[in-house]
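Trainee: Input: one structure, supplied below.
The values are calculated or read from the model by the stated rules, or taken from the named source; none is laboratory data. This structure is a prediction, so every number in the text was calculated from the model and none was measured. Cβ placement follows ideal geometry from the backbone for every residue including glycine, while neighbour counts extend to all protein chains displayed.
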Amino acid sequence: MMSNRIKQSLLVTCVCLAAGRGVAAETKPNFVFMLTDDQRWDALGVVQREQGDKGRFPWLKTPNLDKLAAEGVRFRNAFVVNSLCAPSRASFLTGTYGHHNGIRNNGTPFPADSITYASVLRSAGYTTGYVGKWHMDQQRGQRPGFDYSASFIGQGRYRDCPFEVNGKQTETTGWVDDVSTDYAIQFLNENRGKPFVLALGFKTCHGPFSPPPRRASDYEGAKARPVPNLGSAAPYRKETGPEGRVGASFAGDGSPKLLDYMRCITAMDENVGRVMAELDRLGAADNTVVVFAGDNGYYLREHGLGDKRTAYEESLRIPLLVRWPGRAAKGKLVDQMVLNIDLAPTILELAGVPVPAQMQGRSWRPLLEGKTVPWRRSFYYEYFFEAPFASPHVQAVRTERGKLIRYPGHPEWSELFDLAADPYETKNLINDPAKADLHRELEAEFQRERQKVEGGDPTTSRPAASTR
Ligand SMILES: [Ca+2]
């Protein structure tokens with residue numbers, strides 16, 4: 001047993017060491033970015049409780065994420081600019097659309113010379129670590145921009161997944177997200193006291209939805225509640241047939257696949273708790289910005305669909321939580337529209353590092369600090385057809401009020417929704433003369449936003465009010 005005197009002495013020593021780091025420690029926060037795979041925005045306990053009677057899964061338990069939300073900021077309108085795994089991950093890393101970073105589908109390796117939050121922070125003296133799912137086709141080796149990586153190839157697998165640790169093949173045993181979290185905790189321990197950024201990519205809750213044994217009997221007998229758009233078939237389904245092999249397996253509201261999706265989330269949530277507890281144990285929590293997000297949404301029979309890719313809300317929206325101790329109010333809700341391309345500029349700005357001009361997103365800092373600033377009122381979305389999946393090429397614009405969806409080559413499938421009046425997107429107003437004003441407004445937004453994203457000068461995609 002350690003005497004109180006020795007404990008006090010150690011405490012003084014630690015305080016002095018911390019003070020020795022002085023300004024650097026004050027101005028260089030650490031970052032932990034946790035990213036799940038295919039977790040839709042409402043697959044959080046705290047969101048289900050907020051939704052009340054409208055919640056589809058009121059029985060879902062995510063106590064650690066709920067705690068993170070209570071200690072930080074919950075973004076209620078967070079979206080991705082391409083609802084697909086690798087493109088979304090590339091957008092999180094680079095702060096740009098696939099038009100600029102080159103990752104438009106799941107079959108493209110991530111260019112090693114990409115400018116990312118990690119490559120920029122590494123140049124600024126941070127130690128950078130990547131753990132878990134990376135994807136980007138079957139890319140192997142050290143993850144670009146990261147000093148340390150412990151990551152698996154492609155989709156990996158839920159049980160006994162082979163990893164590459166700094167590029168070296170390494171066998172592992174157990175449930176993949178437990179293993180990733182072990183590596184993450186090791187990284188935190190080895191880099192305590194340095195400025196660091198750690199990205200942790202969970203496999204949860206991607207197919208084939210295999211929870212660890214400890215959670216395998218959770219939610220037995222639970223069913224999803226119905227929502228108004230289960231029968232609102234997507235127009236393209238008439239020609240392409242049911243969407244995706246995975247989605248077809250969610251045939252019943254209480255199907256084993258649905259329950260396994262949620263069991264994976266609850267098991268992953270335990271690992272979020274382990275990371276947070278380790279930050280506390282290391283005394284790093286107060287100087288670490290924690291971000292939790294999903295890489296894309298997921299249809300659970302809405303519009304007759306499974307999977308993601310297309311532009312309805314269930315596919316576009318992601319969970320997003322940010323804890324910035326001492327700076328962002330606890331339990332704060334933010335309703336402005338934020339995007340996956342915003343993460344990189346946010347991390348860099350909070351680190352006090354200049355944001356490269358090519359980054360198309362915008363830092364969340366003013367929203368985290370509760371400032372009233374002009375903010376984006378619309379954004380452009382694009383999914384690029386990828387064989388053998390049935391989802392067609394999609395281009396869309398979403399505003400705070402509505403959405404215009406186009407399917408290139410199929411003008412007859414175009415859709416217009418009044419999100420304020422019809423949040424479940426059940427009434428296509430594209431040919432409704434009474435909604436001609438909304439149609440004109442969204443058409444103009446579509447052209448404007450598309451031009452900003454695709455245009456020759458990506459820096460113009462930032463709002464005029466942006467300081468960068
Ligand atoms: Ca995904």
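Trainee: Any chance you could count how many residues in segment 43-86 are within 16 Å of the ligand (Cβ to nearest atom) and free of Cβ contacts under 8 Å to residues at least 60 places away in the same chain?
Mentor: Residues flagged as within 16 Å of the ligand (Cβ to nearest atom) and free of Cβ contacts under 8 Å to residues at least 60 places away in the same chain within segment 43-86 amount to 1.
Trainee: Thr128: away from the ligand (no atom under 16 Å from the Cβ) and assigned to a strand (DSSP E or B), yes or no?
Mentor: Yes; evaluated as a whole, the condition is true for this residue.
Trainee: If you don't mind, another one. Checking Glu412 against (1) surrounded by 15 or more Cβ atoms within 10 Å (Cβ to Cβ); (2) touching a residue at least 60 places away in the same chain (Cβ under 8 Å); (3) assigned to a helix (DSSP H, G or I), only one condition comes out false. Which one?
Mentor: Evaluating Glu412 over (1) surrounded by 15 or more Cβ atoms within 10 Å (Cβ to Cβ); (2) touching a residue at least 60 places away in the same chain (Cβ under 8 Å); (3) assigned to a helix (DSSP H, G or I) leaves (1) as the failure.
Trainee: Right, next: Of the conditions (1) farther than 30 Å from Pro29 by Cα; (2) surrounded by fewer than 20 Cβ atoms within 10 Å (Cβ to Cβ); (3) more than 16 Å from the ligand (Cβ to nearest atom); (4) not polar (S, T, N, Q), Cys161 clears all except one; give me its number.
Mentor: (2)
Trainee: Starting from residues that are away from the ligand (no atom under 16 Å from the Cβ) and crowded, with 21+ Cβ neighbours inside 10 Å, keep the ones in segment 164-184 and report whichever is nearest to Ala267 (Cα to Cα).
Mentor: Within segment 164-184, the match that is nearest to Ala267 (Cα to Cα) is Trp175.
Trainee: Does segment 342-360 contain at least one residue that is within 28 Å of Phe31 (Cβ to Cβ), touching a residue at least 60 places away in the same chain (Cβ under 8 Å) and hydroxyl-bearing (Ser, Thr, Tyr)?
Mentor: no
Trainee: If you don't mind, another one. Just to confirm my filter: which helices (runs of 4 or more DSSP H) fall fully inside segment 1-102 and include at least 1 residues that are at negative phi and at pLDDT 95 or above?
Mentor: Filter on segment 1-102 gives 45-51, 63-71, 85-94, 98-101.
Trainee: Mind listing just one residue for me: the one in segment 429-468 that is surrounded by fewer than 16 Cβ atoms within 10 Å (Cβ to Cβ) and β-branched (Val, Ile, Thr) and, of those, modelled with the lowest pLDDT?
Mentor: Per the criteria, the residue is Thr467.
Trainee: Only helices (runs of 4 or more DSSP H) wholly contained in segment 282-398 count here; list those with 1 or more residues that are under 30 Å from Glu441 (Cβ atoms) and within 16 Å of the ligand (Cβ to nearest atom).
Mentor: The qualifying helices (runs of 4 or more DSSP H) are 313-316, 343-350.
Trainee: Considering (1) among the aromatic types (Phe, Trp, Tyr); (2) surrounded by 24 or more Cβ atoms within 10 Å (Cβ to Cβ); (3) within 16 Å of the ligand (Cβ to nearest atom), say which one Phe110 fails and leave the rest.
Mentor: Result: Phe110 passes all but (2).
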